[in-house]
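Here is the structure we will look at, set down as structure tokens.
The values are calculated or read from the model by the stated rules, or taken from the named source; none is laboratory data. Remember, predicted model here, so these are calculated numbers, not experimental data. For neighbour counting, all protein chains shown are included, and Cβ atoms are generated from backbone atoms with ideal geometry for every residue, glycine included. Ligands, DNA and RNA are stripped out before the accessible areas are found, and what is left, the full protein with its side chains, is counted by its heavy atoms. Shrake-Rupley method; radii C 1.70, N 1.55, O 1.52, S 1.80 Å.
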Amino acid sequence: MKLGISTPTDLRWIDLDQGTLILGRSGSCSVSLSDPVLSRQHCAITRDVNRVTCSDLGSSNGTYHRGELIERVDLQHGSIVEFGESALLLITENGEPGEEETSFRFPERVTALRASIPAIEDDSGRTTANLFDLGSPGAHLLDEVLVDHVISEMLKMLTHTDEQFRSRLTSTIDRALSENLLNTTTDLNQLRSRIREILEEDRP
């Protein structure tokens, strides 16, 4: 099983293993997300063998499934959950029965997730095909998603290989944490602006 998560600034796919993942703004979460609208610990995804559930953790802005606020809901292949300004998509090996279409609060997040679904292997080693039609009107987002992934991978390489880049990254994160920016900034553009200022101030 895999879980796709699309935020205002990021899209990622993670393997969904047995146990519980906590999603939210806090760095202490299993999956920390760059979405200022999220609560520090917003919701939890739990996998118990083939059963997957999503539970709201008393968040300020709620967790939505099929357009309805939920406290807890069972997820199946294709299930979409929206929270904050983000969305997540569950895909499973057997690929059925599938999630019914509904109206979404952030359709662009859902489109991006569906356009970027990775192939996954079932227990017999067979690989599933793309689970949604990439010939759909939203398929043009695939290139944009790939661009984001390329940039993300390049940044990972720089972090591991370039000591100066790694030092600036660490220093900037330390300053952002010391100023408690995630808790005191509610506007994403304002957050980006302050981080740019920190980078300029610390420029060697």
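So, in the range 60-86, how many residues would count as being open to solvent by less than 10 Å² (accessible area, probe 1.4 Å), assigned to a strand (DSSP E or B) and touching an Asp or Glu at 6+ places or on another chain (Cβ under 9 Å)?
Matching residues across the range 60-86 total 4.
Residues that are part of a loop (DSSP other than H, G, I, E, B), open to solvent by 50 Å² or more (accessible area, probe 1.4 Å) and small (Gly, Ala, Ser): does the range 12-29 have at least one?
First, pick out the residues of the range 12-29 that are part of a loop (DSSP other than H, G, I, E, B): 16-18, 25-29.
Among the residues that remain, those that are also open to solvent by 50 Å² or more (accessible area, probe 1.4 Å) are: 17-18, 27-28.
Those still in the list that are small (Gly, Ala, Ser) too: 27-28.
The answer is yes, given that some residue of the range 12-29 is part of a loop (DSSP other than H, G, I, E, B), open to solvent by 50 Å² or more (accessible area, probe 1.4 Å) and small (Gly, Ala, Ser).
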